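Here's the structure, in structure tokens; my notes come after.
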Amino acid sequence: MNAAPEAPAPLLIGGEAAKGHGPILEAIDPATGRVSARYQSATSADVDAAVKAARESFAHGTWRTKRPHERATVLFEAARRIAEASETLAQLQMSQNGKALRECRAQAKAAAATFRYFASVCETMEGELTTPRGDYLSMIVHEPIGVVALITPWNSPMTMEAQKLAPALAAGNSVILKPSEITPGTGLALGRIVCEAGLTPGVLNVLSGTGLTVGDPLVRHKDVGMISFTGGTATGRAIARIAAERLIPVALELGGKSPHIVFADADVDRAVEGVFGGIFDALGQSCVAGSRLFVERPLYRAFVDRLIERANTLKLGPPADPTSDQGPLASFGHRERVERYVALARADGGRVLAGGERPSGAPFDHGAYYQPTIIDGLTNDARACREEIFGPVLCVLPFDHESDLIEQANDTAYGLAAGLWTRDVAKAWRVARRLEAGTVWINTYRELSIATPFGGMKESGLGREKGRQGVRLYTATKSIYLSLAGGI
């Protein structure tokens, strides 16, 4: 692999570039296999330095004591600067996780919109007066927690970083962002942009590095008052144990094995496109990917044939090529994980109806490409149907009755999202209410809004991000009683 010519990018501590004392991280472009950039990484000593900077900035109170409209002004300016830098941010993300450039551009614009939204929320959030039961005035105020650790994944780094940074800052916290070691670039770039928008030095710090060398000491640090994590369920469970021992709040957005349901009375044309996009947009590297497809038996064969035909038309290619539908998977190691699950599905009796292998020839030979894959012949008990693959693999299963469908759809450790297609409104509502998922889409899929809370049930996580509640997530509630006895 060719080394990137640039010097390794530093950390961001106390509002300034800071030397990282850990090993150099190399960001690999999954479309070419080449090094796209190099980054310094942090050690536990660097974690201590970042937490100290964040703690001191919070103690001085310059940011947390700003009036909400004053914090909003900074967040609006950050949104403007992110929008201005959107093409640079999009190119950076594409070079590190292989997403199609048009999707990266959309996510850069969404990051700016996220900061605008939470600036508006910050401007308009209100406290509450509670009903008094005596001679006093009682009220609820929401105060920042202090130092908050934000840990983000590699699949949609700009989206996740904005969704955590903007509300945590709107609430008045000082924060430390740890991006994935696979995609450290966008976190550092966003951090610099937001700091330059007018943040007090130390309010926002960014540490590159692995979960072992940075994430673990960060979540264990005695001066970190909250942890917000998006990623795999196993890591989330480990973080939850640490948070429980320390008795601090934690927000976890974890894995999914989302059921996507098509009833025989569905609008088939729309359902085919919705199911296809629900799993193969972003090549299944999405926590809400509709990776288990349940089709009512009278429609099953014809519907699966339509999906196979559609999968065979998807064009893989360089992510910067506007004619490519999708680029490579985010890393070579992740492609190997996907391949292991496809092999496991075959061993369990699954039939690969489409894909199931790497594409060959230029431009695929040097990239982490993998074909969209459709498998049937499995039961809902198969590991490929129960474990999160996080790749372009769709397991299709028929169902006969609504009660059978509900039982199978809910027979999973996860509960992040679900989708269903039917023309029967009463049935749609009935099934949506019975599905154990934090988000249910009816006659659509993967529609997301920064204004609508998002999170999971069961092993898909704790807490809700986004929406007005997204700011409250990063606050502590305080009750204040003001006596009216004898006057003031």
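Take region 40-52 and flag every residue that is surrounded by 23 or more Cβ atoms within 10 Å (Cβ to Cβ) and out of contact with any Asp or Glu (no Cβ under 7 Å at 6 or more places or on another chain).
Step one: list which residues in region 40-52 are surrounded by 23 or more Cβ atoms within 10 Å (Cβ to Cβ), which gives 40, 42, 46-47, 50-51.
Answer for region 40-52, where residues must be surrounded by 23 or more Cβ atoms within 10 Å (Cβ to Cβ) and out of contact with any Asp or Glu (no Cβ under 7 Å at 6 or more places or on another chain): Q40, A42, D46, V47, A50.
Consider V224 carefully, then state whether it is hydrophobic (A, V, I, L, M, F, W, C), in the same structural domain as I145 (by TED's automatic domain parsing), surrounded by 19 or more Cβ atoms within 10 Å (Cβ to Cβ) and within 20 Å of the chain's Cα centre (by Cα). It would help to see each step written out before you state the result.
Details: hydrophobic (A, V, I, L, M, F, W, C): yes; in the same structural domain as I145 (by TED's automatic domain parsing): yes; surrounded by 19 or more Cβ atoms within 10 Å (Cβ to Cβ): yes; within 20 Å of the chain's Cα centre (by Cα): no.
So V224 fails the test.
Sort through G333, G367, G349, G361 and tell me the only one that's part of a helix (DSSP H, G or I) and either assigned by TED's automatic domain parsing to the domain that holds A418 or not β-branched (V, I, T) (or both). Before the answer, list the steps.
Values: G367 fails: part of a helix (DSSP H, G or I); G349 fails: part of a helix (DSSP H, G or I); G361 fails: part of a helix (DSSP H, G or I).
Just one listed residue meets the conditions, G333.
Could you tell me which numbered condition F454 fails, if it satisfies all but one of (1) over 28 Å from A240 (Cβ atoms); (2) not assigned by TED's automatic domain parsing to the domain that holds A289?
It fails just one condition, (1).
I'd like the residue in region 471-488 that is part of a loop (DSSP other than H, G, I, E, B) and more than 27 Å from V175 (Cα to Cα) and, out of all such residues, is nearest to the chain's Cα centre (by Cα).
Among those that are part of a loop (DSSP other than H, G, I, E, B) and more than 27 Å from V175 (Cα to Cα), it is L484.
Does A78 qualify as being within 26 Å of the chain's Cα centre (by Cα), outside any strand (DSSP E or B), assigned by TED's automatic domain parsing to the domain that holds A119 and buried (at least 23 other Cβ atoms within 10 Å of the Cβ)? Write out each step before concluding.
Working: within 26 Å of the chain's Cα centre (by Cα): yes; outside any strand (DSSP E or B): yes; assigned by TED's automatic domain parsing to the domain that holds A119: yes; buried (at least 23 other Cβ atoms within 10 Å of the Cβ): yes.
It is true that A78 is within 26 Å of the chain's Cα centre (by Cα), outside any strand (DSSP E or B), assigned by TED's automatic domain parsing to the domain that holds A119 and buried (at least 23 other Cβ atoms within 10 Å of the Cβ).
Can you pull out every residue in region 29-50 that is touching a strand residue (DSSP E or B) at 6+ places or on another chain (Cβ under 6 Å) and of a type in the set (V, I, T)?
Once the filter is applied, which keeps residues that are touching a strand residue (DSSP E or B) at 6+ places or on another chain (Cβ under 6 Å) and of a type in the set (V, I, T), region 29-50 yields only V35.
Which numbered condition in (1) part of a loop (DSSP other than H, G, I, E, B); (2) in contact with a Pro (Cβ under 9 Å, 6 or more places away or on another chain); (3) of a type in the set (A, V, I, L, M) is the only one that A243 fails?
All conditions are met except number (1).
Okay, residues lined up against (1) among the aliphatic types (A, V, I, L, M); (2) under 30 Å from C104 (Cα atoms); (3) in contact (Cβ under 8 Å) with a residue 24 or more places away in the chain:
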{"site": "G256", "(1), (2), (3)": "no, yes, yes"}
{"site": "A264", "(1), (2), (3)": "yes, no, yes"}
{"site": "D267", "(1), (2), (3)": "no, no, yes"}
{"site": "G277", "(1), (2), (3)": "no, yes, yes"}
{"site": "S286", "(1), (2), (3)": "no, yes, yes"}
{"site": "R292", "(1), (2), (3)": "no, yes, yes"}
{"site": "V295", "(1), (2), (3)": "yes, no, yes"}
{"site": "Y300", "(1), (2), (3)": "no, no, yes"}
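Please count how many residues of region 5-25 are free of Cβ contacts under 8 Å to residues at least 40 places away in the same chain and among the acidic types (D, E).
We begin by selecting, within region 5-25, every residue free of Cβ contacts under 8 Å to residues at least 40 places away in the same chain; these are 5-8, 10, 17-19, 21, 23-24.
Then drop every residue that is not among the acidic types (D, E), which leaves 6.
Total meeting the criteria: 1.
Could we say that G61 is over 24 Å from the mean Cα position of the chain (by Cα), at positive phi and modelled with pLDDT under 95 here?
Details: over 24 Å from the mean Cα position of the chain (by Cα): yes; at positive phi: yes; modelled with pLDDT under 95: yes.
Taking the combined requirement at face value, the residue satisfies it.
Return the residues of region 151-181 that are under 23 Å from S95 (Cα atoms) and assigned to a strand (DSSP E or B); say none if nothing qualifies. Before the answer, list the steps.
So the first thing to find is which residues in region 151-181 are under 23 Å from S95 (Cα atoms), and the list is 151-165, 177-181.
Residues satisfying the conditions are I151, L177, K178.
How about region 247-272: which of its residues are within 23 Å of the chain's Cα centre (by Cα), in a loop (DSSP other than H, G, I, E, B) and within 22 Å of E402 (Cβ to Cβ)?
The answer is K257, S258.
For region 9-20, enumerate the residues that are modelled with pLDDT of 95 or more and crowded, with 17+ Cβ neighbours inside 10 Å. Spell out how you get there, then give the answer.
Taking region 9-20 as the starting set, the residues that turn out to be modelled with pLDDT of 95 or more are 9-14, 16-20.
Listed by number, the residues that qualify are A9, L11, L12, I13, G14, A18, G20.
When you check E309 against the structure, is it in the same structural domain as S291 (by TED's automatic domain parsing), surrounded by fewer than 21 Cβ atoms within 10 Å (Cβ to Cβ) and either in a strand (DSSP E or B) or without any contact (Cβ under 8 Å) to a residue 24 or more places away in the chain (or both), yes or no? Show your work before the answer.
Details: in the same structural domain as S291 (by TED's automatic domain parsing): yes; surrounded by fewer than 21 Cβ atoms within 10 Å (Cβ to Cβ): yes; either in a strand (DSSP E or B) or without any contact (Cβ under 8 Å) to a residue 24 or more places away in the chain (or both): yes.
Criteria met by E309.
The values are calculated or read from the model by the stated rules, or taken from the named source; none is laboratory data. Since the model is a prediction, treat every value here as computed from it, not as a measurement. Quick reminder, even Gly has a Cβ in these numbers, built from the backbone with ideal geometry, and neighbours come from all protein chains shown.
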